[in-house]
1. Mind grabbing the accessible area of THR96 for me, 1.4 Å probe, Å², rounded to tens?
2. Please state the shape class of the stretch 1-85: rounded when a/c is under 1.5, otherwise prolate if a/b exceeds b/c and oblate if not, all from the C-alpha gyration tensor.
3. Divide the volume of the convex hull of the Cα atoms of the stretch 199-259 by its number of residues and quote the answer in cubic angstrom per residue.
4. Given the peptides 204-213, 178-187, 70-79, arrange them by the average over their residues of other C-beta atoms within 10 Å, most packed first.
5. Order the following by accessible area, largest value first: ARG195, ARG100, ARG260. Probe radius 1.4 Å; ligands, DNA and RNA are ignored.
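The values are calculated or read from the model by the stated rules, or taken from the named source; none is laboratory data. A quick note: this is a predicted structure, and the numbers were derived from the prediction, not measured. Every residue, glycine as well, gets a Cβ built from its backbone with ideal geometry; the counts of neighbours run over all protein chains shown. SASA here: full protein model, heavy atoms, side chains in, ligands and nucleic acids out. Shrake-Rupley method; radii C 1.70, N 1.55, O 1.52, S 1.80 Å.
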Amino acid sequence: MTSLIPTPELRATALAALTLCAFSALALASHLHVRFFDHRGVHTLQVYAGVLAAVTGFGLVVLGPAALGREAAVWGLVAGPVLGAAAAPLIATADTAITRRFARRASTRPTPVRTTATAPRTRATRAVGAAAKLTAGAGGEGPAPAVERRWTASRRDSDVALPLVWLVAVGVLEECVFRGALTGVALHQHAWSLRVLILLLATAAFALSHIFFGWAQVVAKLPLSCVALALTLATGTVLGAVVAHALFNARIWRYQNTVRATAPRPGAPASAPGAKPRVQRAGS
């Protein structure tokens, strides 16, 4: 099976579209979630998984099997999952070390003292278009009231509190996009400089997709991104990266469930002074 796009001109346009969709998958999922699915109770990661699956399918149409790796030898198909399973604990250790280092730096940073009690600032947005008509005064006259929008930490936690299958699915699909489709696009280029540039951008884009959890998680996801790329280039298939990412997300899921199980309930006494704070970790 090769590319389903026969002409070089259309293939070049499709490659550009594939690259743009792959890099903006999280932004597309976020917009779709807010616009169509949030009020239905659908989680962000579920929408993100759907977008990643669509980009992966588009990659298979444009690149053929190269969307999931170049022609790999038998040893690559066998060694990839084994190397991925072996790398997963090392990636998790590096992720934890980086996260804890950032947490220690944040805990030692002096807290600014406020001279007057002020409420935390929130961002107010004004409804426009059809929403403005719905929120306008009687008879459609008068300005639409401002709508308060805030993404709190509790909301962020609820967006990743999903069954294990969803975190594993997102991890697998992310590898198919960032290490599969984008690597295929990079290797499709004739100039080595373009190949290196696309691979570096894909590695950084995956780490930056965790920016919602803070810069600590962006830096902490660089080991996973780099190791997954190395496994893909070395074995010629995304199998190793898929296994490593799936096991890594499974470990994060187990850690988050442990934190939620041991978290104090409302009204429970606070932890003793000097107790070590739990570190927030993000999967996917």
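1. Taking all protein chains as shown, THR96 has close to 30 Å².
2. oblate
3. Details: hull volume 4.5 nm³, N = 61.
It comes to 74 Å³ per residue, whole-number rounded.
4. Working: 204-213: 18.5, 178-187: 25.5, 70-79: 13.8.
With the highest mean Cβ count within 10 Å placed first, the list reads 178-187, 204-213, 70-79.
5. Values: ARG195 55, ARG100 130, ARG260 100 Å².
The ordering from most to least exposed comes out as ARG100, ARG260, ARG195.
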